[in-house]
2 protein chains.
Amino acid sequence: MKPLRHPGLLAAIVCLIATTLPSLAAGQAGRGGQQTPQVVSPEVGSDSRITFRLYAPQAEAVRVNGSDIPDLGQTGVMTKDAEGVWTFTTNPLPPGAYRYNFNVDGLSVVDPRSPATSTSNNNVWSLALVPGSDLFDTRNVPHGAVSTVTYYSEPLGRHRQMRVYTPPGYESGTGEYPVFYLLHGASDSDDSWSSVGRAAVILDNLIAAGQAEPMIMVMPAGHTNGPTPGMGGPAPSRPAGPGEPDEFTRDFTGAIRPYIESHYRVINDRAHRAIAGLSMGGSQTLNIAIPHLEDFSYVGVFSSGILGGGGRGRGRGGVSSTPDAPFGQAWEKQHMAMLDNAGAKDGLKLVWFSIGVDDFLLDTSRATVALLERHGFDVESTETGGGHTWLNWRDYLSEFAPRLFK
Amino acid sequence: MKPLRHPGLLAAIVCLIATTLPSLAAGQAGRGGQQTPQVVSPEVGSDSRITFRLYAPQAEAVRVNGSDIPDLGQTGVMTKDAEGVWTFTTNPLPPGAYRYNFNVDGLSVVDPRSPATSTSNNNVWSLALVPGSDLFDTRNVPHGAVSTVTYYSEPLGRHRQMRVYTPPGYESGTGEYPVFYLLHGASDSDDSWSSVGRAAVILDNLIAAGQAEPMIMVMPAGHTNGPTPGMGGPAPSRPAGPGEPDEFTRDFTGAIRPYIESHYRVINDRAHRAIAGLSMGGSQTLNIAIPHLEDFSYVGVFSSGILGGGGRGRGRGGVSSTPDAPFGQAWEKQHMAMLDNAGAKDGLKLVWFSIGVDDFLLDTSRATVALLERHGFDVESTETGGGHTWLNWRDYLSEFAPRLFK
């Protein structure tokens, strides 16, 4: 053979090493070291169907779970071929990102053939992307960046983590920006809005289209009782004492906001501060914003309301030990002063609720809107199709963000 | 029952919802819906042993894989208790981060009880953290941020992703900083240096201790042929044509560097530009830096050398079709002009090699050092204990970074 002459050949050799090492490291060989089928998963067809595949010849029953995948429910039963590869193909799906995992004989398994993930509070999901949306696709527009930020929370006495979207041009510029705090749900982590929620992509696309103002978008970790990835095991959770806000509110007020306002170039006034959240994060949004209305001009509640509201308004999420009390009575009492503070309400530019008519929190959301309206809030409330899923939350963000800071 | 009076109770209710929803969503219930044991995994003891646990009652054989875990090798055979929980406890481990997954009857499974992950090119690992190091632990010092940056690569005609560490104070300040490009290995992704590699934590700690200069650290995706998480399926890889550099070099030169230099406040001269990489990334470092010595003052090669060097110097990684040629002959010819350019060498402040004596690339590394020295390079070469693992690469970064920009 001739000596190597082309850099292309060297590249090919590096490639060969590159493709050999990972399989050695990952220990992917089957029993006895025989070659296993190199399945492709997930595969997204041009018809927007996702095909999931898993090589698991010894498994007895394999399902694909993905609570956001329409029509899948708990029925994503996969079928096995002669080689031991399990397959399931969805119906055509709307553009967006979909969390999924496999249930293999009762064991929860992320897709071993895909590096794309979305992190939740307690576990990690695989992530599949269905393209076809001007808002959710990564497009050739100026891109912001999403930072993983580690901060020490004095109120909680430990390190915490959040994600911060900075708009295109932030890192090289000198401008100051408004700040939008965006909170996740109970099944999520600080990663969720920028992975399954496509929040940074949505902002990039809205800003490029001139539909949203450039802004800093802060996505904190709403759970305070779980492990923080990259920082070791679970941190102890201390329940709030009497009269004391919950841990997340204390973290938000005493650590997250001060960190953002001292570490980023923000326009630091009420008119340039917004907050919104989905599900648990919508409830946290109300807990944070209502007692401090003077701090926020824009408040968004996605698929949520006062959780633990109790009484006639409660849905499945409306857990309460006072089933006969009027909806939100305890919450109402706690926040009475601010609820009725007309002056603070005057500076509010938008209180925006949206929920799907199939959402189990629909009644909670409606009752919360009614409660706020009883106290003189001017609430803009929308009901959409769909349920308690990221399909709606991406849409809600896409509708809410253009309303901010204008 | 009394009506709710304390915000603490409301917090507890939110907590209840928070802990109920995820398990509904994750479909964690076993067959027939019975309660499954809520195992803790990974658990890191005060003696620095990691205990891994997996509930998999139907599995026949479960191993824990973790190529960086000393003494584990391929022998991490887990044992099953009467409830169906598999367990393995390691020996006491040095402080650091450890990638692992479970092999369940041949199926590769990340830890369903942990949200901490490290992403590779083709798959995702779980990540366990053993504390106890002033360099690798998250400590209460000023923290930088790690951005996930999406950029459009004109040379490759598609979107790509990289991580960018900005030092403490960057986002609020106006200063300009030197840039350190840090490349990963073949079993890694752009996520690896900041997850298993602890690179941002190491820089934070070194900067806080006054041992490293504040710098921007860019961690690109070294693979060009795999899927980009969050951007859909695999992109087509185009082999380099005759005389054309490989895809990564073209991406680095034509997209990554220009993006960093136009989007960040960098000190844009040779004296403030460094590059280093591990394994495949060390080879890429040489391919990028040697033909463009005029651009770099600091070059680091961790556990690597000229991959595909051939001849007497080759180790297991030294794949070559010219086994009898002198080591690196083709590479040497290709880069001859720059290898012998004394002027360009004059501006080099550090060429630093380090490798473990048990590393399968030891001969490749030694031969590469010899080749460079034959061409008049002043190489600083260190051999350490250990092999081709992150245990060494975290140490090498900790030694190399303090040498930069001084």
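Tabulated data
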| quantity | calculated |
| --- | --- |
| Spacing of the two label points (7 Å from each Cα toward its C-beta) at A:Lys333 and A:Glu60, in nm | 5.3 nm |
| Theoretical FRET efficiency, 1/(1+(r/R0)^6), r = Cβ-Cβ of B:Ser172 and A:Ser46, R0 60 Å, to 0.05 | 0.85 |
| Karplus-derived HN-Hα couplings along the stretch B:374-385 (A = 6.51, B = -1.76, C = 1.60, θ = phi - 60°), whole Hz, x at Gly and Pro | 4, 9, x, 7, 9, 9, 9, 10, 10, 10, 10, x |
| For B:Glu154, inter-copy label distances in nm, listed shortest first [label point 7 Å out on the Cα-Cβ vector] | 4.8 |
| Between the stretch A:333-360 and the stretch B:151-229, the Cα center-to-center distance that results, in Å | 42 Å |
| Protection proxy ranking of A:365-374, B:363-372, B:131-140, A:85-94 - average other beta-carbon atoms within 10 Å, highest first | B:363-372, A:365-374, A:85-94, B:131-140 |
| Within straight-line cross-link reach of A:Lys345, aspartates and glutamates at Cα separation under 12 Å, skipping those fewer than 8 residues along the same chain | A:Glu294, A:Asp295, A:Glu373, A:Asp378 |
| Förster-model FRET efficiency, 51 Å R0, B:Glu294 and A:Arg374, C-beta, rounded to 0.05 | 0.10 |
| Label spacing, shortest first and in nm, from B:Pro94 to its equivalents in the remaining copies (7 angstrom along Cα→Cβ) | 5.1 |
| Distance (nanometres) between label positions extended 7 Å along Cα→Cβ at A:Ile267 and B:Ala82 | 6.7 nm |
| Distance cut-off 19 Å, percentage of C-alpha pairs in the stretch A:130-182 lying past it | 51 percent |
| Debye-sum result for the stretch B:34-187 in log10 I(q)/I(0), which assumes one identical scatterer on each alpha carbon, at q = 0.11, 0.15 Å⁻¹ | -0.59, -0.93 |
| For A:His263, B:His375, B:His184, order by how many other beta-carbon atoms lie within 10 Å, fewest first | B:His375, A:His263, B:His184 |
| Volume of the Cα convex hull of the stretch B:64-129, divided per residue and given in Å³ | 101 Å³ |
| Cα-centre dipole for the stretch B:69-207 with unit charges at Cβ (Lys and Arg positive, Asp and Glu negative), debye to 20 | 140 debye |
| Amide H contacts under 5 Å for A:Ala274, placed H, 5+ residues apart | A:Val179, A:Phe180, A:Tyr181 |
| Calculated label separations, A:Asp346, copies of the chain, 7 Å along the beta-carbon direction, nm | 7.3 |
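The numbers here are math on the coordinates, done by the rules we state, and not lab data. Predicted, not measured: the structure shown is a model, and the values here were computed from it. A quick note on method: Cβ atoms are made from the backbone with ideal geometry, for glycine too, and the neighbour counts reach across all protein chains shown.
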